[in-house]
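Scroll down for the structure; my scribbles are underneath it.
Readers should treat all values here as calculations from the given coordinates under stated rules, not as data from a laboratory. The model shown is predicted, which means the values in this text are computed figures rather than measured ones. No Cβ is skipped: glycine too gets one built from the backbone with ideal geometry, and neighbour counts run over all protein chains shown.
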């Protein structure tokens with residue numbers, strides 16, 4: 001481990017021994033995970049296995065019960081609110097339901113992090129927003145619309161533009177293709193790969209869409225019952241030798257994984 | 001079913017909720033005094049809360065003033081004190097009915113809208129999105145609503161006082177046959193500054209409570225459309241009850257003076 005770290009430098013994100021429970025339900029049960037600089041890691045796993053909670057723990061939206069989460073070598077668990085804001089400036093996030101602000105127009109959504117977070121002038125932020133919309137294949141005229149006027153796939157594009165607008169070092173994708181038809185999903189996958197390559201960003205994605213995972217990942221990690229049970233390069237996923245992984249990537253009902261009925 | 005356990009659960013839930021509201025209030029107040037303050041949003045909320053509530057509050061005040069004049073006339077005529085109508089109308093409105101009824105109407109209009117809007121933002125992860133875009137949701141959502149409603153309600157109540165007195169005046173002149181000059185004379189001769197000021201202090205407190213409950217219930221809503229519906233109901237019910245409770249204590253505060 002020490003040798004590996006010496007070769008790749010400090011991991012961009014280092015999660016170790018993270019536990020989180022809600023009431024009696026244990027959601028994260030000692031998660032250990034490193035994401036190297038510039039790497040695209042995709043976490044796969046069924047519903048209710050703790051994928052979202054892990055992502056939210058790293059962002060500080062959920063406070064872990066114990067364990068350590070380091071971003072660029074800096075411990076973020078138990079950090080003060082103002083220090084947290086500084087760390088969050090490194091992050092961009094694409095939410096599952098897009099989470100666009102419906103009281104604002106499309107370009108104001110894209111420019112939000114620039115205007116509110118970085119205190120940029122509106123006119124200048126607007127130019128950048130239009131440019132970012134162009135990078136996700138949307139024309140400037142879309143900028144004046146309200147998010148509710150757009151289809152789900154278009155909203156996802158806008159959300160992607162918003163996530164990359166501040167040119168973050170780390171981008172999180174929360175189920176980027178859920179709820180989209182296969183063609184639109186593939187378009188979003190291509191856009192994600194292109195945008196990430198352009199920025200050289202480190203990314204962490206969660207998904208249960210294997211086509212999407214294969215397309216955007218360098219490495220894949222599988223989470224089950226709050227633990228990482230497999231972690232390896234994307235090329236090795238088909239010969240992982242792990243029954244859980246095999247069952248999941250082939251989408252079989254029979255196997256070692258039994259799905260929980262209750263939400264965490 | 002153990003009855004002690006049931007009572008205990010309710011008591012514990014009550015204290016837990018009180019604690020959460022206290023923490024929420026403290027956090028909100030702290031963010032009110034720490035910059036930055038989003039002035040654009042503050043003005044927008046002033047418009048939504050203050051200006052757009054004018055018709056509702058105005059109509060409430062008008063008809064309250066009118067009915068007050070009629071009822072007081074019936075009561076006071078039984079002991080030949082009809083001349084007191086104007087005085088009692090204005091004192092009743094400024095001290096009590098103006099702030100309380102305006103507060104309740106605004107609670108129905110504004111607390112519900114705040115809880116529904118913030119609650120929807122919560123369940124669609126828009127509040128989490130604010131955080132990831134380096135924007136504090138308290139500063140962006142709660143502080144503008146809190147300050148705007150606290151400032152707007154006294155202004156609304158001032159307008160309500162004037163319209164309510166006008167309602168009483170119209171009924172007094174056209175229905176009860178008072179002389180206009182003497183009605184106005186009776187209205188202003190016995191009115192003290194404290195009558196109006198105490199009503200405006202009440203309005204300030206009510207405005208704060210309305211926005212606090214709207215934001216608190218929206219912020220803590222969970223579980224989709226049903227959760228947002230519950231948050232909206234809770235916001236209106238709790239702000240209305242708190243208005244009535246606070247009304248007594250503020251009245252008592254001014255009673256000694």
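For the reader, a short list of remarks on this structure follows.
- Over the range B:109-180: Rg over Rh, Cα atoms, Kirkwood Rh: 1.35
- Inter-chain shielding of A:95-108 (mean C-beta neighbours from other protein chains, 10 Å cut-off): 3
- Peptides ranked, highest mean first, by Cβ atoms within 10 Å: ranges B:117-123, A:209-215, A:135-141, B:141-147: B:141-147, B:117-123, A:209-215, A:135-141
- The alpha carbon convex hull volume per residue for the range A:80-163 rounds to 94 Å³.
- Between the range B:108-130 and the range B:1-61, the Cα center-to-center distance that results, in Å: 12 Å
- Peptide A:157-168, shielding by other chains (average Cβ, 10 Å cutoff): 1
- Computed Rg/Rh of the protein assembly as shown, alpha carbon atoms with Kirkwood Rh: 1.11
- Principal axes of the range B:102-257: Cα extent on each, largest first, Å: 65, 33, 25
- At the listed q of 0.09, 0.11, 0.13 Å⁻¹, the Debye profile of chain A, built from one uniform point per Cα, gives log10 I(q)/I(0) equal to -0.41, -0.62, -0.87.
- The range A:151-168 and the range B:179-229 have Cα centres separated by 42 Å.
- Peptide B:131-142 - average C-beta neighbours from other chains (10 Å radius): 6
- Each 10 Å bin, from zero up to the one with the longest distance, holds this percent of the alpha carbon pairs of the range A:107-264: 10, 33, 30, 18, 8, 1.
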